[in-house]
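The structure's right below; bear with me while I get my questions together.
The values are calculated or read from the model by the stated rules, or taken from the named source; none is laboratory data. The structure presented is a predicted model; accordingly, all values stated were derived computationally and were not measured. So basically every Cβ, Gly included, is an ideal-geometry build from the backbone, and we count neighbours across all protein chains shown.
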Amino acid sequence: MNQLDRHDYAILGALQLDGTLSVAELAEKVGLSSTPCWKRLKRLQDEGYIEKRVAIVNRRKAGLPVTVFVSVRTSQHDEKWLARFAAAVEALPEVQEFHRMSGDIDYLLKVVTTDIEGYDRFYKKLIRATQLSGVSSAFSMEQIKYTTALPLHLVSHGTP
């Protein structure tokens, strides 16, 4: 079990909503003074609870309006093949997420691109990378919900 308390969860929650908060602003939001807040923040970073702080770019405004979920099946399930496949996928900047799955699909990729032609170029790079049994693509018609914030309230019943 983790060793986070309500202040730690409050810090994580506040930073999920605004990663640009200064330590003073963060401390005020979570009900701590600056020094204890800074120490907690540093510990959360050092222990890997906070992986990095980033700016979330609007993909449509940046010219990447198309999202495609790509299901991949393979008949190869050895570690050597997976290492090659993972390296190939990680080298494709269009891939936003890459998951090994249970069930009928072996891998699921979330891909962003410019348009259908952009996806076709991506697809050709993907199938050149390694041997696959099947690739199926589903184009997102509308993004109904999007968040990067984790539902910390589900686990934030730590001690004060």
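In contact with a Lys or Arg (Cβ under 8 Å, 6 or more places away or on another chain), surrounded by 10 or more Cβ atoms within 10 Å (Cβ to Cβ) and over 30 Å from residue 20 (Cβ atoms): which single residue out of 133, 75 fits that description?
After applying the criteria, what remains is 133.
Inspect segment 29-38 for any residue being part of a helix (DSSP H, G or I), under 24 Å from the mean Cα position of the chain (by Cα) and surrounded by 12 or more Cβ atoms within 10 Å (Cβ to Cβ) and give the result as yes or no.
No, because not a single residue in segment 29-38 is part of a helix (DSSP H, G or I), under 24 Å from the mean Cα position of the chain (by Cα) and surrounded by 12 or more Cβ atoms within 10 Å (Cβ to Cβ).
Considering only segment 49-59, I want to know if a residue exists there that is touching a helix residue (DSSP H, G or I) at 6+ places or on another chain (Cβ under 9 Å), over 30 Å from residue 11 (Cα atoms) and surrounded by 14 or more Cβ atoms within 10 Å (Cβ to Cβ).
No: segment 49-59 contains no residue that is touching a helix residue (DSSP H, G or I) at 6+ places or on another chain (Cβ under 9 Å), over 30 Å from residue 11 (Cα atoms) and surrounded by 14 or more Cβ atoms within 10 Å (Cβ to Cβ).
Please pick out the residue among 43, 59 that is farther than 13 Å from residue 149 by Cα and in a helix (DSSP H, G or I).
Answer to the selection: 43.
For residue 25, state whether it is part of a helix (DSSP H, G or I), among the acidic types (Asp, Glu), free of Cβ contacts under 8 Å to residues at least 60 places away in the same chain and under 27 Å from residue 151 (Cα atoms).
On the way: part of a helix (DSSP H, G or I): yes; among the acidic types (Asp, Glu): yes; free of Cβ contacts under 8 Å to residues at least 60 places away in the same chain: yes; under 27 Å from residue 151 (Cα atoms): yes.
Judged against the criteria, residue 25 is a match.
Still on this structure: Only one of 44, 92 is assigned by TED's automatic domain parsing to the domain that holds residue 26 and touching a residue at least 24 places away in the same chain (Cβ under 8 Å); which?
Only one candidate qualifies: 44.
Would you please name the residue that is farthest from the chain's Cα centre (by Cα), looking only at residues in segment 78-94 that are surrounded by fewer than 17 Cβ atoms within 10 Å (Cβ to Cβ) and under 16 Å from residue 67 (Cβ atoms)?
Taking segment 78-94 as the starting set, the residues that turn out to be surrounded by fewer than 17 Cβ atoms within 10 Å (Cβ to Cβ) are 78-84, 86-88, 90-93.
Now narrow it down to the ones that are under 16 Å from residue 67 (Cβ atoms): 92-93.
On the way: 92: 15, 93: 14 Å.
Here the residue is 92.
Okay, next question. Which members of segment 14-28 meet the condition of being under 17 Å from residue 43 (Cβ atoms) and among the β-branched types (Val, Ile, Thr)?
Result: 23, single match.
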